[in-house]
Amino acid sequence: MTNRRIDEAGISARYGVKPKDTAVWTTLVNFPARGEDGLWDVALVDAWVQAMRPQYWPPRPETPAAGAVTSPQKGKQKKAAVAPVTETRSEMAKRFGMTFNAVDAWTKATERRDSSGKVVAAAFPPPASEGRWDAKTVDAWVRVHRPRVWAAYAGGEPQFAKPLPAGDPRDLLNITEYGVIRGNAISGKPASRRTMQSYLLRGQIEAPDRRPGDRKRPEVFEPMWYRETIYQEIRRRLTRGKLQTGEKGAED
């Protein structure tokens, strides 16, 4: 697979999946885009499979029949010249659903180490040319150093500080329970009832699904939320990659 381009048959062979499953993968909105030549970039597909279909990782050993397109020259397989895909900060921001200022801050990130010399923050990849960055190296950096942003981009489950507890989606929970679950998931510490009431007043969390006197069953005596409503809000909060004003742990 010398020129790092691959077709559907190659994807099936590389990851050991059925052709019909490959056809489904390639229609997903978060699957890497097909190039102008109708093929996919192997590195981008590898990154997607690692994040979204880890059960098929690592890929199988490559064979000449793996479906990749190679460029023979004088009886030998020779790597085709494929120009790297580059993007500006504006294009990067649009692709990841971030603001320009947030992405601009990414590009200015430098390596930082703690007192023991351990790297605690990695530098952003240098530009491939004036004002443009290689999309592959950007993806690799975002996947490791902005996992919430990558989860939103790739469509995967966000990284929770503590896992969401199991329960029926239609369980009714009060604002104190909402704060415990939400705080644990986002920062690892429960949010107080007072904090949650402040978020509610500012519209930073979901409005209650049920209120006293709404004439629904079962009767409730304080504002209540369905578990599924709470979990949806937490997932949106984490996968947006940036938290609302007043909340800690924002991605920049």
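The values are calculated or read from the model by the stated rules, or taken from the named source; none is laboratory data. Since this is a predicted model, take the numbers as computed values, not measurements. Quick note on the areas: whole protein, heavy atoms, side chains included, nothing else; ligands and nucleic acids left out. Shrake-Rupley method; radii C 1.70, N 1.55, O 1.52, S 1.80 Å.
Share of pairwise Cα-Cα distances greater than 21 Å in the range 172-241 is 20 percent (whole percent).
Pairs from the list K118/K162; K189/K216; K20/K136; K18/K136 with a Cα-Cα gap above 31 Å: K189/K216. Computed over the Cα atoms of the range 5-56, what is the convex hull's projected area averaged over all directions, in nm²? That works out to 3.2 nm², a quarter of the Cα hull's surface. Surface listing: K18, K136 arranged by accessible area from highest to lowest gives K18, K136, probe 1.4 Å. Taking all protein chains together and rolling a 1.4 Å probe, V85 ends up with roughly 100 Å² accessible. Each of L200, L164, L238 has its accessible area taken with a 1.4 Å probe; listed largest first, they run L200, L164, L238. Quick check: at a probe of 1.4 Å, how many percent of the accessible area of the range 89-154 sits on carbon and sulfur atoms? With neighbouring chains kept in place, the figure for the range 89-154 is 52 percent.
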